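Take a look at the structure set out below.
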Amino acid sequence: MEKTFLMVKPDGVQRNLIGDIVARFERKGFKLAGAKLMAIPNELAEEHYGEHKEKPFFGELVDFITSGPVFAMVWEGDDVIATARKMMGATKPAEASPGTIRGDFGVTVGKNVIHGSDSKESAEREIGLFFETSELVNYEKDQ
Ligand code: CMP
């Protein structure tokens, strides 16, 4: 079964959006395989966002994601990577459709509430960065 890595960013945690965001993926029918509230160490933030290292906003990105707790999750289901991206909406909240997470709650491109893996390769990499295998739970669940 396909897995993806999703993370409520510090702005989403501060604004009490964890419950709403989890509920959206539960109601959609996806299966939660792991979740934790955590503070991201600087080295992990730099590794997670490694592909943006040369971008002018890299420092800002790392400062923001380490500025407060995040809620890291692994979700499972058919086409969960692409579907979760659709449910999140466009990276820039101004371009995100109403009804999507960023469309409903996001304000700026930096503080855009949620991160989600954009491919199978990044999902595998990001799950490995944030979770030990022992933190992921295997169980049966009807959709
Ligand atoms: P995310 O999906 O977490 O992956 C990379 C992040 O970079 C993206 O969400 C945005 O929050 C952030 N980002 C993209 N463009 C900018 C920008 N111009 N300034 C600050 N952050 C940005």
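The values are calculated or read from the model by the stated rules, or taken from the named source; none is laboratory data. Keep in mind it's a predicted model, so treat the numbers as computed, not measured. Please note: Cβ atoms are built from the backbone with ideal geometry, for glycine as well, and neighbour counts cover all protein chains shown.
Quick look at the numbers
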item: Breaking point among (1) within 10 Å of the ligand (Cβ to nearest atom); (2) touching a Leu at 6+ places or on another chain (Cβ under 7 Å); (3) not β-branched (Val, Ile, Thr), for LEU129; result: (1)
item: Residues located in segment 21-34, provided they are buried (at least 20 other Cβ atoms within 10 Å of the Cβ), in a helix (DSSP H, G or I) and not β-branched (Val, Ile, Thr); result: PHE25
item: Any hit, segment 7-20, residues being modelled with pLDDT of 95 or more, on the phi < 0 side of the Ramachandran plot, over 15 Å from the mean Cα position of the chain (by Cα) and part of a loop (DSSP other than H, G, I, E, B); result: yes
item: Pick from segment 88-101, criterion surrounded by 20 or more Cβ atoms within 10 Å (Cβ to Cβ) and under 24 Å from PHE131 (Cβ atoms), ranking: farthest from the ligand (Cβ to nearest atom); result: ILE101
item: Which numbered condition GLY103 misses (of (1) out of contact with any Gly (no Cβ under 8 Å at 6 or more places or on another chain); (2) in contact (Cβ under 8 Å) with a residue 12 or more places away in the chain); result: (1)
item: Unmet criterion (only one of (1) buried (at least 17 other Cβ atoms within 10 Å of the Cβ); (2) closer than 22 Å to GLU132 by Cβ) for LEU37; result: (1)
item: Conditions (1) within 12 Å of the ligand (Cβ to nearest atom); (2) over 30 Å from GLU140 (Cβ atoms): number failed by GLU46; result: (1)
item: Hey, VAL62 β-branched (Val, Ile, Thr) and touching an Asp or Glu at 6+ places or on another chain (Cβ under 8 Å) or not; result: yes
item: GLU51 more than 10 Å from the ligand (Cβ to nearest atom), among the charged types (D, E, K, R) and either surrounded by 14 or more Cβ atoms within 10 Å (Cβ to Cβ) or farther than 12 Å from LEU6 by Cα (or both); result: no
